[in-house]
1. Kindly check whether there is at least one residue in segment 68-75 that is part of a strand (DSSP E or B) and at pLDDT 95 or above.
2. Is it the case that residue 39 is touching a Cys at 6+ places or on another chain (Cβ under 7 Å) and closer than 20 Å to residue 221 by Cβ?
3. Sort out for me the strands (runs of 3 or more DSSP E) sitting completely within segment 1-65 that have 2 or more residues that are within 17 Å of residue 78 (Cα to Cα), of a type in the set (Ser, Thr, Tyr) and out of contact with any Ser or Thr (no Cβ under 6 Å at 6 or more places or on another chain).
4. Output the qualifying pairs, or none if there are none: Cβ atoms under 7 angstrom, residues six or more apart or on different chains, first residue in segment 90-112 and touching a residue at least 40 places away in the same chain (Cβ under 8 Å), second residue aromatic (Phe, Trp, Tyr) and open to solvent by less than 40 Å² (accessible area, probe 1.4 Å).
5. What tally of residues in segment 121-168 results from selecting those that are in contact with a helix residue (DSSP H, G or I) (Cβ under 7 Å, 6 or more places away or on another chain) and either open to solvent by 70 Å² or more (accessible area, probe 1.4 Å) or in a loop (DSSP other than H, G, I, E, B) (or both)?
6. Given the criteria part of a helix (DSSP H, G or I) and out of contact with any helix residue (DSSP H, G or I) (no Cβ under 6 Å at 6 or more places or on another chain), does residue 116 qualify?
7. Would you confirm whether or not segment 67-88 contains a residue that is open to solvent by 50 Å² or more (accessible area, probe 1.4 Å) and in contact with a helix residue (DSSP H, G or I) (Cβ under 6 Å, 6 or more places away or on another chain)?
8. Kindly establish whether residue 137 is touching a Ser or Thr at 6+ places or on another chain (Cβ under 9 Å), modelled with pLDDT under 95 and within 26 Å of residue 28 (Cα to Cα).
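The values are calculated or read from the model by the stated rules, or taken from the named source; none is laboratory data. Since this is a predicted model, take the numbers as computed values, not measurements. Note that we place each Cβ from the backbone using ideal geometry, even for glycine, and neighbour counts take in every protein chain shown. SASA here: full protein model, heavy atoms, side chains in, ligands and nucleic acids out. Shrake-Rupley method; radii C 1.70, N 1.55, O 1.52, S 1.80 Å.
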Amino acid sequence: MKYFIITGTSRGIGESIAEQLIAPEHHLFCISREKNERLLRQSSNISYLEFDLNQTGQIESLMEQIFQAIDKTNAEGIYLINNASMIAPTAFIDAAEAEDIARNIHVNLLAPILLSASFIKQTKHDAIDKRIINISSASARNHHPGMSLYSAAKAGLDVFSQCAALEQNHAQAPVGIVSIWPGMIDTALQREARTQDKAAFPSAEVFESVNKAGMLATPEDTARQIIAFLFKKDFEHGAVVDIYDYSKMGL
């Protein structure tokens, strides 16, 4: 049995990843604030956990609950996909509320770090296939006004992935770690960005133009590429991977 822990499965990329991973030999642990009933109807091998990743103090308990449900005696592999993300507040930093700033950094950066730390701790002695994929963003490199928090969090996630991968090079049963830039996708997050008031969020025009130009990928196609990376024989441990470049190669 292969076990998958996936965050942000209520919609978008996370939902598509979960759908494409459904198989008799796979058990999925899906995490989001709201339960995805449509996803649950597709398989009996899904354990759903309604959880707000902003509650960072409870993440370790959440992971303990998940690993208590994993039968390591029949585990072929255990995988963590940190997909959950949020773009708000889309505002200049001096106009953002302190609570909204904290929530953005909690969900986009602190939560995946804590989930990864707990995953590594829980699987430390398990000599099986273990991999973490952190869904990042090219916003770590491409900077726009009103997105300082999102870009900073994603840049931090990339550096964390690289450094944690270096640490795992010293482990007896290492976990493979990759950070992925999935490109611009037609998701609720993208729609939220392009419909903002341009006076308060000038970058909305960039998101709107990309959509009008038909340059957005579908969640389904993006999920397919992410899963392909997850199962790659030559898993690019420690890399920050731009999936858009790979899509041009036909991956």
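1. No.
2. yes
3. Passing ranges, in order: 2-7, 46-50.
4. 90/201; 91/201; 104/150; 108/150
5. 6
6. yes
7. No, because not a single residue in segment 67-88 is open to solvent by 50 Å² or more (accessible area, probe 1.4 Å) and in contact with a helix residue (DSSP H, G or I) (Cβ under 6 Å, 6 or more places away or on another chain).
8. Against the criterion (touching a Ser or Thr at 6+ places or on another chain (Cβ under 9 Å), modelled with pLDDT under 95 and within 26 Å of residue 28 (Cα to Cα)), residue 137 qualifies.
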